[in-house]
Amino acid sequence: MKKVATLLVPTLLFLFSYCSAFAWGLTGHRVVAALADQHLNKRAKKNIQKILGNESLAMAANWPDFIKSDPSFNYLGSWHYVNFKSGLTFEQLSQQLHNDTTANAYNKLIMLIDQLKHQHDLDQATKILYLRLIIHIVGDIHQPMHTGRFEDLGGNKIKLYWFNTPTNLHRIWDEQLIDFQQLSFTEYTKAINFSTKKEQAAWQNSSMENWLYESYQISESLYADIHPEEKLSYRYNFEHINTLNQQLLKGGIRLAKILNDLFG
């Protein structure tokens with residue numbers, strides 16, 4: 001029994017850290033992808049199907065999290081986020097993005113998009129990989145805590161309670177707020193898929209730097225709104241659910257623009 005326990009404890013710790021690293025969790029990523037799918041033009045849908053086959057955008061969305069179990073894909077770890085210091089202006093944040101050559105969500109998303117602009121030079125396996133990563137990373141950068149601070153690992157070190165269950169700020173925004181709504185990803189997509197043509201144009205035509213700055217500003221407000229070890233429940237959901245839903249919706253609409261430009 002002691003040997004079993006010795007093996008089990010590190011395994012459980014690994015699984016907890018692995019699961020808590022998901023951005024938006026399974027449901028959130030599928031919502032962003034399903035929203036994008038509903039805003040694709042016919043040509044983009046056809047060309048994406050040639051790459052993914054019967055795999056929907058919603059199912060492709062979580063592949064970059066699932067593959068974390070394969071050590072040969074460890075290099076993708078830093079592609080899911082960008083860390084920033086507190087108190088940056090848009091100009092300062094933009095400057096950091098342009099000066100930072102490390103493998104982060106911003107740099108890699110630009111690279112992936114550029115590569116798929118020349119998709120005729122890529123083999124099928126590479127197209128699938130790059131498309132799955134784009135779907136996922138666009139979702140990631142709309143999760144506010146994926147633009148959080150390095151010193152607390154995007155809120156992972158800020159310990160909180162969610163309905164008396166130990167958690168952290170990052171995990172609350174990854175999955176617990178979304179799961180609290182008790183909706184399937186298809187139900188969630190239908191519930192929030194409301195935007196005007198004017199809103200869609202404004203969201204899609206803003207720069208990627210602006211997308212990240214929006215998430216960063218939200219993360220700054222989230223940091224200021226809590227205290228370590230605080231117990232969060234119904235009020236936190238009431239105060240933040242509209243922001244969460246707006247970020248999911250923006251992520252889906254903006255992902256659709258990228259995919260329509262690449263494949264439409």
Okay, helices (runs of 4 or more DSSP H) sitting entirely in the stretch 37-109 with 2 or more residues that are touching a Phe, Trp or Tyr at 6+ places or on another chain (Cβ under 9 Å), I get 42-52, 63-66, 90-99
- In the stretch 54-73, is there at least one residue being closer than 15 Å to Ala34 by Cβ and acidic (Asp, Glu)? yes
Screening Thr147, Thr165, Thr186 for residues that are closer than 16 Å to Val32 by Cβ and surrounded by fewer than 21 Cβ atoms within 10 Å (Cβ to Cβ) leaves only Thr186
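Conditions (1) closer than 24 Å to Pro64 by Cβ; (2) at pLDDT below 95; (3) in contact with a helix residue (DSSP H, G or I) (Cβ under 8 Å, 6 or more places away or on another chain), marked per residue:
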residue: Ala5; (1), (2), (3): no, yes, no
residue: Thr11; (1), (2), (3): yes, yes, no
residue: Ala21; (1), (2), (3): yes, yes, yes
residue: Trp24; (1), (2), (3): yes, yes, yes
residue: His29; (1), (2), (3): yes, no, yes
residue: Lys42; (1), (2), (3): no, no, no
Listed by first then second residue, the pairs whose first member lies in the stretch 82-102 and is under 22 Å from Gly139 (Cα atoms), whose partner is exposed (fewer than 13 other Cβ atoms within 10 Å of the Cβ) and at pLDDT 95 or above, with beta carbons under 6 Å and at least 6 positions apart or on separate chains, are Asn83/Phe150
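Mind checking whether some residue in the stretch 164-180 is more than 16 Å from the chain's Cα centre (by Cα) and part of a helix (DSSP H, G or I)? Give the steps one after another, and end with the answer.
Of the stretch 164-180, the ones more than 16 Å from the chain's Cα centre (by Cα) are 164-168, 180.
From what is left, the residues that are part of a helix (DSSP H, G or I) are 180.
Yes: the stretch 164-180 contains one or more residues that are more than 16 Å from the chain's Cα centre (by Cα) and part of a helix (DSSP H, G or I).
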Expected output for the stretch 106-131 (first residue within 27 Å of Ser94 (Cα to Cα) and free of Cβ contacts under 8 Å to residues at least 24 places away in the same chain, partner among the aliphatic types (A, V, I, L, M) and surrounded by 13 or more Cβ atoms within 10 Å (Cβ to Cβ), Cβ below 7 Å, 6+ apart or cross-chain) is Gln115/Leu122; Tyr130/Leu112; Tyr130/Leu116
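Looking at the stretch 194-218, which of the residues that are among the hydroxyl-bearing types (Ser, Thr, Tyr) and without any contact (Cβ under 8 Å) to a residue 24 or more places away in the chain is surrounded by the most Cβ atoms within 10 Å (Cβ to Cβ)?
Residues of the stretch 194-218 that are among the hydroxyl-bearing types (Ser, Thr, Tyr), as a first pass: 195-196, 206-207, 213, 215-216.
Filter once more, keeping what is without any contact (Cβ under 8 Å) to a residue 24 or more places away in the chain: 196, 206-207.
Values: Thr196: 8, Ser206: 14, Ser207: 9.
Result: Ser206.
Within the stretch 123-163, which residues are charged (D, E, K, R) and in a loop (DSSP other than H, G, I, E, B)?
Asp123, Arg149, Lys157
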For the stretch 133-151 the number of residues that are without any contact (Cβ under 8 Å) to a residue 60 or more places away in the chain and closer than 30 Å to Ile258 by Cβ is 0
Review point. Does at least one position in the stretch 232-251 carry a residue that is farther than 20 Å from Leu26 by Cα, loosely packed, with under 13 Cβ neighbours inside 10 Å and in contact with a Phe, Trp or Tyr (Cβ under 8 Å, 6 or more places away or on another chain)?
Key: yes
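The values are calculated or read from the model by the stated rules, or taken from the named source; none is laboratory data. Just so you know, these numbers come straight off a predicted model, no measurement behind them. Ideal geometry is used to build each Cβ from the backbone, glycine not excepted, and the neighbour counts take in all protein chains shown.
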